[in-house]
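Colleague: Take this structure first; my questions come after.
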Amino acid sequence: MATIKDIAAKAKVSISTVSRILNFDASLNVSEDTRVRVLRIAEEMNYVTLKERKNKSKNYTIGIITSYTESKELSDPYFLSIRMAIEKHCLKNNVEFKTLFLNKVISNNVKEYKDIDGIMAIGIFQEEEIRTLKKISSNIIFIDSSPEEWEFDSIVVDLKYGSIKALEYLYSLGHKNIGYIGAKVVPHSNENGEELINYRELAYRNFMAKMDNLREEWIFKGYFNPEDGYKLMKEALKLENIPTAFFIASDPMAIGAYKAIYEEGYKIPEDISIVGFDDIATTQYLTPALTTVKVYTEFMGETALNTIMERIKEERTISKKIVLPVKLVERDSCKKIK
């Protein structure tokens with residue numbers, strides 16, 4: 001392995017000059033030709049900095065922490081698929097990891113996690129919970145949420161774009177009366193625990209207002225699980241004027257909505273068209289197969305791991321927010337109407 005001394009001998013300059021050039025010392029008074037020559041020789045000799053050598057020799061441990069409990073994670077496969085994607089890429093890249101659930105982390109002493117070099121936090125976290133994570137490591141990337149963007153990295157998906165595409169698709173099929181089933185959101189940044197409108201609901205409200213057909217009675221909110229999807233669709237089907245289509249903000253909720261629709265004697269898509277969000281594995285096997293907005297959870301996991309490892313190794317202090325694209329997947333749960 002080449003050393004600074006080797007580069008200095010070949011470039012015919014002092015060792016200190018080589019060191020300062022390789023560290024991009026702007027105060028060094030040398031010609032541009034000398035700088036270029038030293039950098040070219042270093043590249044030819046495959047010089048590796050001390051920092052890079054330390055990074056290559058060190059084994060890092062990543063904490064994968066989900067804001068959901070194990071039982072809630074199983075009821076919403078979207079978050080489970082993100083976690084599994086992260087674990088897969090950790091194994092592929094020989095990165096050690098510990099999978100932890102937030103409720104257990106909070107109940108334990110943070111000193112138990114002193115070997116963790118960085119945290120990949122999946123879901124929505126309250127302010128107090130974020131403070132607990134910071135005690136474990138300052139290297140944190142949030143996945144599917146973006147708190148305190150000036151301090152932490154984050155990976156989110158383009159919820160607004162996906163929602164608009166879903167609504168435009170329904171509208172193109174002739175649906176003017178479109179209902180919404182989604183989740184209540186209590187963000188980490190709101191100390192009073194007040195509910196805020198999420199991007200999917202906001203996109204729905206703006207779209208329907210633009211169509212001059214926004215009606216509060218067509219908006220139903222609960223939690224991202226099949227049980228609430230079932231319960232909320234049951235409520236929707238009691239309306240005097242039932243929408244001809246529903247944009248449902250998560251696939252697990254859509255699965256519950258399917259059951260409610262069939263129990264009430266309606267058919268999909270003959271009577272009601274449905275568009276979901278996430279594209280979890282089971283949606284293509286529903287009858288009929290669910291039209292939904294695909295979130296690339298595999299790519300999300302890979303990107304999140306690359307980002308946190310880059311931050312740790314490079315000691316980066318400026319945070320990144322990465323917005324990943326989504327795509328509408330057309331299947332059989334929607335029908336064109338006159």
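Colleague: So how far apart, in nm, are the two label points at residue 259 and residue 135 if each is 7 Å from Cα heading toward Cβ?
Modeller: 3.9 nm
Colleague: Another question, if that's okay. Only helical DSSP H runs with n ≥ 4 go in: add -39500 (n - 2.57) per run for the chain, normalise by residue count and round the 222 nm mean residue ellipticity to 500 deg cm²/dmol.
Modeller: Mean residue ellipticity, 222 nm, calculated: -13000 deg cm²/dmol.
Colleague: A further question follows. Starting from 0.36 nm per residue, how many nanometres of slack lie between residue 282 and residue 242 once their C-alpha separation is accounted for?
Modeller: Working: separation 40, 0.36 × 40 = 14.40 nm, distance 2.68 nm.
In short, 11.7 nm is gained.
Colleague: Give me the number: length gained by fully extending residue 106 to residue 61, i.e. 0.36 nm times residue separation minus the C-alpha to C-alpha distance, one decimal in nm.
Modeller: Values: separation 45, 0.36 × 45 = 16.20 nm, distance 1.92 nm.
Separation in residues times 0.36 nm, less the Cα-Cα distance, equals 14.3 nm.
Colleague: Just tell me the longest site-free run in the chain, where the sites are GluC sites (Glu not before Pro) in a DSSP loop having at most 16 other beta-carbon atoms within 10 Å.
Modeller: So the longest stretch without any such site is 1-147.
Colleague: Go through 286, 318, 262 and say which Cα lies farthest out towards the positive end of the charge dipole of segment 236-338; charges sit on Cβ, +1 for Lys and Arg, -1 for Asp and Glu.
Modeller: 318
Colleague: So how much accessible area does residue 67 have, in Å² to the nearest 10, using a 1.4 Å probe?
Modeller: 30 Å²
Colleague: Starting from the Cα gyration tensor of segment 181-338, take the square roots of the eigenvalues, sort them a ≥ b ≥ c, and report rounded, prolate or oblate (rounded when a/c is under 1.5, otherwise prolate if a/b is larger than b/c, else oblate).
Modeller: Judged from the Cα gyration tensor, segment 181-338 comes out prolate (a/c at least 1.5, a/b above b/c).
Colleague: Over the chain, with a Gaussian network built from C-alpha contacts below 10 Å, which listed residue (15, 155, 280) shows the highest mean-square fluctuation?
Modeller: Comparing 15, 155, 280 in a Gaussian network model of the chain, the most mobile one is 15.
Colleague: Per the 1.4 Å probe, what fraction of the accessible area of the chain, in percent, lies on carbon and sulfur atoms?
Modeller: Within the chain, the accessible surface is 50 percent carbon and sulfur.
Colleague: Before anything else, pin down the relative contact order of the chain: Cα pairs under 8 Å, at least 6 apart, normalised by residue count, whole percent.
Modeller: Dividing the mean separation by the residue count of the chain yields 18 percent.
Colleague: Another question about this same structure. Defining a contact as two alpha carbons under 8 Å apart and six or more residues distant in sequence, what relative contact order in percent does segment 183-319 show? Mind dumping the intermediate values first?
Modeller: Values: 147 pairs, mean separation 21.8, N = 137.
Relative contact order for segment 183-319 comes out at 16 percent.
Colleague: Once you charge only the Cβ atoms, +1 for Lys and Arg and -1 for Asp and Glu, what is the size of the charge dipole of the chain about its Cα centre, to the nearest 20 debye?
Modeller: Details: 48 positive and 50 negative charges, 237 e Å.
In debye, rounded to 20, the chain gives about 1140.
Colleague: Would you mind getting me the FRET efficiency between residue 96 and residue 310? Use the beta-carbon distance for r and R0 = 22 Å, nearest 0.05.
Modeller: Working: r = 17 Å, r/R0 = 0.78.
For R0 = 22 Å, the calculated efficiency reads 0.80.
Colleague: List the trypsin sites (Lys or Arg not before Pro) within segment 82-143 that fall in a DSSP loop (any state other than H, G, I, E or B) and whose Cβ has at most 12 other Cβ atoms within 10 Å.
Modeller: Filter output for segment 82-143: 114.
Colleague: Rank 241, 103, 29 by mean-square fluctuation in a GNM of the chain with C-alpha springs under 10 angstrom and give only the top-ranked residue.
Modeller: Residue with maximal mean-square fluctuation among 241, 103, 29: 29.
Colleague: I've got another one for you. Using the beta-carbon distance between residue 43 and residue 329 and R0 = 45 Å, what value does 1/(1 + (r/R0)^6) give for FRET efficiency, to the nearest 0.05?
Modeller: Numbers: r = 45 Å, r/R0 = 1.00.
Using R0 = 45 Å, I get an efficiency of 0.50.
The values are calculated or read from the model by the stated rules, or taken from the named source; none is laboratory data. None of the values given here were measured: they were computed from a predicted structure. Every residue, glycine among them, receives a Cβ derived from its backbone with ideal geometry; neighbour counts consider all protein chains shown. In case anyone asks, the SASA skips ligands and DNA or RNA and just uses the protein heavy atoms, side chains included. Shrake-Rupley method; radii C 1.70, N 1.55, O 1.52, S 1.80 Å.
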